[in-house]
Each structure stands twice: as structure tokens, then as C-alpha cells.
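The block underneath contains the structure these notes are about, expressed in C-alpha cells.
The values are calculated or read from the model by the stated rules, or taken from the named source; none is laboratory data. No experiment lies behind these values; they were computed from the predicted model shown. Every residue, glycine among them, receives a Cβ derived from its backbone with ideal geometry; neighbour counts consider all protein chains shown. What goes into the accessible areas is simple: the full protein's heavy atoms, side chains included, and nothing from ligands, DNA or RNA. Shrake-Rupley method; radii C 1.70, N 1.55, O 1.52, S 1.80 Å.
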Amino acid sequence: MIAFVGSVFSPYYAWSGRQNPENHCALNVALYGTRAARWTMTERGNSRISRGNEYYTINKSALHWEKDMLRISVNEIAAPIPLPMRGELRIHASGLGENVFFIDDKGRHRWRPISPFSRVEVDFKEPDLKWSGHGYFDANDGDEPLEEAFEFWDWSRTILENEKTAILYNTDMYNGEMRSSSLLISADGTVDTFETPGVAPLSSTPIWRIRRRTRSEGDARIIRTLEDTPFYSRSVVENRLFGKSRPAVHESLSGPRLSNPVVKMLLPFRMPRLA
């Protein structure tokens, strides 16, 4: 789930000149699995949103803090098949992280891993779905479009022993520079670095052929492709960290693909706007 203010992926925001981020807000929710697979990211305008320090309302959906828990009420319609998505997520954050990292070479793009090891409860009515387990919670913001800063970008998150989380962040600038971060974050929010493993190639996505790679102490492989879009992929991968093969959530993004006008024309199929 991603809550957007000034959606970085929105073609409508790009076409508007990106002058008013609060006129381009969306709640993206993706449910995977043969029984409950649904996806939504409907964009809303100024009149449909309200937000403050502890709450954010997007049309009929809402996020609000209750002490150390973020409660997310989802009331959306899936796309492209218009099925209802109604339910609630509860994120019990631990060790709220205050560290903010620059992921580009000019300090225009910031990333804050708020609670990389959280307890998550999912309770959906439509579709009928209940789940609880560990999850990840972060925030990103920037002063320019993603596609203007990054030629390529990939990220992964791996759960380790003792409720620690390993995060590998790699960004390729258009000037040829590659920036890499390897962070080890404890449940209490303590952040340490570790030696960045070597680059491990991964197969491209099967439909849109988005390039994928990760960092690993040995070979890595794709376990499952979750999102295969014209500019972005989300996958479950297996890589090797600290001497052990482990599953990880992995994402990659192609800046040139996202900036392509043809790709932007395709996006409303999955990202309708109801302002």
C-alpha cells in the first residue's frame, strides 16, 4: 500500500506541470493471490482530500495515527475490473526511525525508513481476506520528478534474525554515477551500515522486459513477479546476505520508461482520475 500526495507516477500530475500536488492524490492498494487479487490507484483532487499531522483522508479512504499504530481504512474500487476493495490495515510501528537519507547525487530525493520491522494486521471484507505478520513502513519525498533524476533505481528489503531488516538501495544517475546503500536496521530504529555485496543480475520481467538486479553475496533469483508494468516491477527474490539465502521484497524502476509519452498514455487504464 502506498499513499501519494502529488503522485510521482500520475500522468495527470505530469500533464498539469506538477504545480499543485494536493490536486493529485491517491491510495494504491495491491492484493496478491489467486483468490483475492485486486489492485487500485484512483486519483483524487483537492476537494476529495484532507490531511494534517496525524491523518490523511482520500475520498472514502483514510489513514490516521493512534499512538504508535497507523490505522488505514480502505474503501476503493479496483481497476481495470471495477470490483470493490473494502477493509482495514493496522500497522503497529516499532522504533520510529528519524533518519533521512538522500538517494540521489544532488540531495533532491529523500527516503526515511520509519519502521522497517512492523507488525501488520489486514482485515478485508471485500475481498474476504485476513492476515497478520511483519511488514515494512517508509516514506519518500522529492523536489523533482523521479524520471528526471534516475536512469534506473532498485531497492530490496530482507528480514534477518533478531527482528533486524537489511535494506539495499541502488540508484543510477543519468551522468553514469551509481549510488548504493546497505543498511541494517533494528526493530528499535537503530541504523547500522554493512559492506555492500556485489551486483547480482536478475532476469527481466516477462511482459514489459524491465531490467532487474540486486545485491547479493552470491547468485540471486526471482521467486515471483508481483508487478510487471511498462516502467516498474515488484518481485519476491532470493539473495544471499550474511552467509544465508533469504527471500526479499524487491522493486525496480526505469526512468526513461516512466518519462516516455506512450507509457504515460497507457497509465490511466490502471490509474483513473475521479477529481
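Cβ-Cβ contacts under 6 Å between residues 6 or more apart (or on different chains), taken from a first residue in the stretch 168-190 that is under 16 Å from residue 136 (Cβ atoms) to a second residue that is among the acidic types (Asp, Glu) and open to solvent by 20 Å² or more (accessible area, probe 1.4 Å), are listed as 184/192; 187/163. For residue 30, the requirement of being assigned to a loop (DSSP other than H, G, I, E, B) and open to solvent by less than 50 Å² (accessible area, probe 1.4 Å) is not met. Of a type in the set (A, V, I, L, M) and touching a residue at least 40 places away in the same chain (Cβ under 8 Å) - does that describe any residue in the stretch 130-140? No, there is no match, as no residue in the stretch 130-140 is of a type in the set (A, V, I, L, M) and touching a residue at least 40 places away in the same chain (Cβ under 8 Å). Going by what's in this entry, would residue 3 be described as surrounded by fewer than 17 Cβ atoms within 10 Å (Cβ to Cβ) and under 18 Å from the mean Cα position of the chain (by Cα)? No: the conditions fail for residue 3.
Exactly one residue out of 174, 136 is open to solvent by 40 Å² or more (accessible area, probe 1.4 Å), of a type in the set (Phe, Trp, Tyr) and within 19 Å of the chain's Cα centre (by Cα), and it is 136.
Please work out if residue 217 is open to solvent by 20 Å² or more (accessible area, probe 1.4 Å), more than 27 Å from residue 45 (Cα to Cα) and in contact (Cβ under 8 Å) with a residue 24 or more places away in the chain. For residue 217, the condition - open to solvent by 20 Å² or more (accessible area, probe 1.4 Å), more than 27 Å from residue 45 (Cα to Cα) and in contact (Cβ under 8 Å) with a residue 24 or more places away in the chain - is met. Residue check: residue 236 meets all listed conditions (1) more than 25 Å from residue 112 (Cα to Cα); (2) β-branched (Val, Ile, Thr); (3) touching a strand residue (DSSP E or B) at 6+ places or on another chain (Cβ under 9 Å); (4) open to solvent by less than 60 Å² (accessible area, probe 1.4 Å) but one, namely (1).
In the stretch 139-155, of all residues being of a type in the set (D, E, K, R) and buried (at least 20 other Cβ atoms within 10 Å of the Cβ), the one that is nearest to the chain's Cα centre (by Cα) corresponds to 154. Answer yes or no as to whether residue 166 is over 19 Å from the mean Cα position of the chain (by Cα), small (Gly, Ala, Ser) and at negative phi. It is false that residue 166 is over 19 Å from the mean Cα position of the chain (by Cα), small (Gly, Ala, Ser) and at negative phi.
Among the residues of the stretch 243-267, the ones that are touching a Phe, Trp or Tyr at 6+ places or on another chain (Cβ under 8 Å) and either crowded, with 18+ Cβ neighbours inside 10 Å or touching a residue at least 40 places away in the same chain (Cβ under 8 Å) (or both) come to 12 in all.
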